[in-house]
Structure formats: structure tokens, C-alpha cells
């Protein structure tokens, strides 16, 4: 067990997750009911007919903006669907946009353009210190801001830490990246042979602070259980990663398991292991169609950690809508870290088919 961290009990985690989801299923209708009551009272006071777009004391149509990281990944499509559904449910106009190719600079440019349109709220992914100025600009313009997917306030190799409480105290909807590293490493343990040994950790984006947090936690937990983690510096290209992973496994045939820190490393690792009929279990971060198909096929890919992107889109818009319409204070929610394996694969597949994961 890691010093300063509680031991992870899968049964307790699943029980807690079910309680959280049940609370959410009860809470959202109640919150929507509260909004409806407020709208009805406002309509009685003004003599107007209540509608989904009527807020307490005014008929203002609220507009909220959400900026995604890229248009190229299924993860972000789920985020967008969640945001748009929340807009429909809570009666606010949602304007979602994302760069064609993800980058901090491209996101900042979109945020700058969005602020110029004077929206009522913005949901943004705070990826580091370079997002500080644009976030302050939004707050200074009186725009309500909620963070999602990333709240990277830590110092990194390329930038200083974010310490301004105006930003660090903003509500955040997303995954606790350090904790998620512990969760996935713990999930991998049950597939590893006892007695320790070499475990490969594939890092497809070495400069990423997020993947660094996952890596730090996963390594520490594996070491604490007697395993020796090696880190493979990979790329965002799955073809290159297939070759890199294959070369590593050829050079280290004693590898007992593989943990991938993000999508571009997971499927190539599992494909190489399956094609070469190796007895090496693979676990990885974040759900994608290729990875899910490999896991469903019953091969080496045993589990995937899902941070539930649909909720990362839905809940920030809900936060902003309730704050704007009824004065609620936005709340932080940890949307991860759901382990998908053969015990819940069928249920998750229903969400995938509905475009919700």
C-alpha cells in the first residue's frame, strides 16, 4: 500500500460507484425540478408562460460555450453529446467547438473568440499555466467558468504552477489523474503472476503532465507490490507504437504485463501480444472503439479505465445552467475511474452504441 493513500478495494470501489450513480439519478431530476419551480414562480410574477428558456425574474436565454481539445477523437464526440444533451435538459443554448487538431494554442484562440461573443458561461479544459490569462479574461468579463477534463495547476517542466485562487477554486468536473493511475495499476495486478517481475508501462505522450501523474502513481503501486516497471517512451502514432512495443517485448521476453497510459499505446500493445500469442495481460487508459473491440474479443486486453467523457460534457453544462438560472454554486465531480472488463462490458457497450461513451 502506498504511504498516504488508502488501499484500493475493488468491491468497495464498485459499491461506492453504484451509490454515486444512484445519487446522480435521483439528484438530476430533483435539480431540474427545482429549476422548474423557480421558472414557474418567475412566470407567475411576470404574467408570462413558463418555458425551458425562462430564468427566475427574466426571460433571458442563457448561452454557454464549451471548448473541446480536438475534433478527431471519439472521446471528444462523447463530451460534445453530453454537453448538448445538458443544454436541452436545462434550457440553455450550448455552443461547442474544438480545434481540428488539438493544441493549447488552438484552444486559446477559440476561447478568445468565444469571450468576444459575451456568453454567460464557459466550460474549459485547463491544461496548464498558459491557460491562465485567457481564463482570467473570461472571469474579468463576468463570465461564469467551470473547468472540466483537466485542472492542471501543477508546475511542469515547461511552465510554472497556477496559484491564483480565482482559478484554483473553480469547480472541476473530471478525473483525478493520480488516483486513476493507482486504480488501473491495481486492476492490472489480478492478471499478473505472483512473485513480481517486469511490467512495461507505455507512455504515448511523454511531455504530458496528465500522463506523468498517471505514470507516477502506477509505478509506485507496482513497486509496492514487488514488480519492476519499465517505461517505454512511445508516440501518438499507433503504427509506430506497434513497432516500438514489439521491439521492446522481443528484447524483454520476461515481461509479465503491460499498462498503457493512453489510447495510442493500448491497442498496439494488445495487437502485438495477440498476434504473437504471448501470455502478457494488457490494461490501458481511456475507451476507444478499437480497444473495446479487442477486449470484447477475449484477447490480451483485460481492462480499460474509462473517465466517462459523456459526464464530463453533461455535468459542466448542468453546473453552469443551475448557477445562471437559480444561483447554485457549481460543484466539483470526479467522473472517473470506471474499470471496464468482462464483468460490465455488456452494459458499457449499450452506452457506446448510444454514443454516450
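The values are calculated or read from the model by the stated rules, or taken from the named source; none is laboratory data. Bear in mind that the values here come from a model prediction, so they are computed numbers and not experimental data. Backbone-built Cβ (ideal geometry, glycine too); neighbour counts: all protein chains shown.
Remarks
- Counting only residues that are in a helix (DSSP H, G or I) and within 16 Å of residue 261 (Cβ to Cβ), the range 225-241 holds 3 of them.
- Identity of the residue in the range 225-251, under 15 Å from residue 196 (Cα atoms) and surrounded by fewer than 19 Cβ atoms within 10 Å (Cβ to Cβ), that ends up farthest from the chain's Cα centre (by Cα): 226
- At least 3 residues being within 19 Å of the chain's Cα centre (by Cα) is the threshold, and among the helices (runs of 4 or more DSSP H) wholly inside the range 129-224 those reaching it are 177-189, 209-224.
- Spans of strands (runs of 3 or more DSSP E) in the range 243-357 with at least 3 residues touching a strand residue (DSSP E or B) at 6+ places or on another chain (Cβ under 9 Å) and at pLDDT 95 or above: 255-260, 282-285, 301-306
- The listed residue being crowded, with 19+ Cβ neighbours inside 10 Å and under 29 Å from residue 327 (Cα atoms), out of 83, 185: 83
- All positions within the range 96-127 that are over 20 Å from the mean Cα position of the chain (by Cα) and either more than 14 Å from residue 145 (Cβ to Cβ) or surrounded by fewer than 17 Cβ atoms within 10 Å (Cβ to Cβ) (or both): 105, 109, 110, 112, 113, 116, 117, 118
- Residue satisfying all of: in the range 42-83; modelled with pLDDT of 90 or more and in a strand (DSSP E or B); farthest from the chain's Cα centre (by Cα) among these: 63
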